[in-house]
Amino acid sequence: MSTIAAGQVAGLSRPAALEFSFFLSMPTMVVATGFDFLKTVMPHHHEAGIAPLTMNPHEWIVLAIGFIVSFFVALGVVAWFMNWVRARGFVPFAIYRIILGIGLLVLLVRGIM
């Protein structure tokens, strides 16, 4: 949301700021996922207590299918969300995020005390 707000402060339209935010997040997600995957697969990069991942060819195929399916589902969700924001604006999304944040804070406080 900070990149969307910064884009709008810089003078971008709502849809352009949203697209900028999604495009900016793509390389970050690819690098973070790749790093985590390499940590899991490479035996010399595993953390204490976590065994390195060993996979057979069938499991690699299942992983590839899962990657492809999740990519297209995410692409569809991003397209839907961009159309939804263009039609309705950010206010319903902001209200949802504020209510969710307050709910999580209440659960956190109840769990601590």
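The values are calculated or read from the model by the stated rules, or taken from the named source; none is laboratory data. For clarity, every value in this text was computed on a predicted model and none was experimentally measured. Neighbour counts run over all protein chains shown; Cβ positions are idealised from the backbone, glycine included.
Quick notes on this one:
- Number of positions in segment 1-20 that are modelled with pLDDT under 85 and loosely packed, with under 10 Cβ neighbours inside 10 Å: 1
- Considering segment 55-113, and only residues there that are surrounded by fewer than 10 Cβ atoms within 10 Å (Cβ to Cβ) and outside any helix (DSSP H, G or I), the residue that is modelled with the lowest pLDDT turns out to be M113.
- Residue in segment 21-40 that is surrounded by 12 or more Cβ atoms within 10 Å (Cβ to Cβ), touching a Gly at 6+ places or on another chain (Cβ under 8 Å) and at pLDDT 85 or above present: yes
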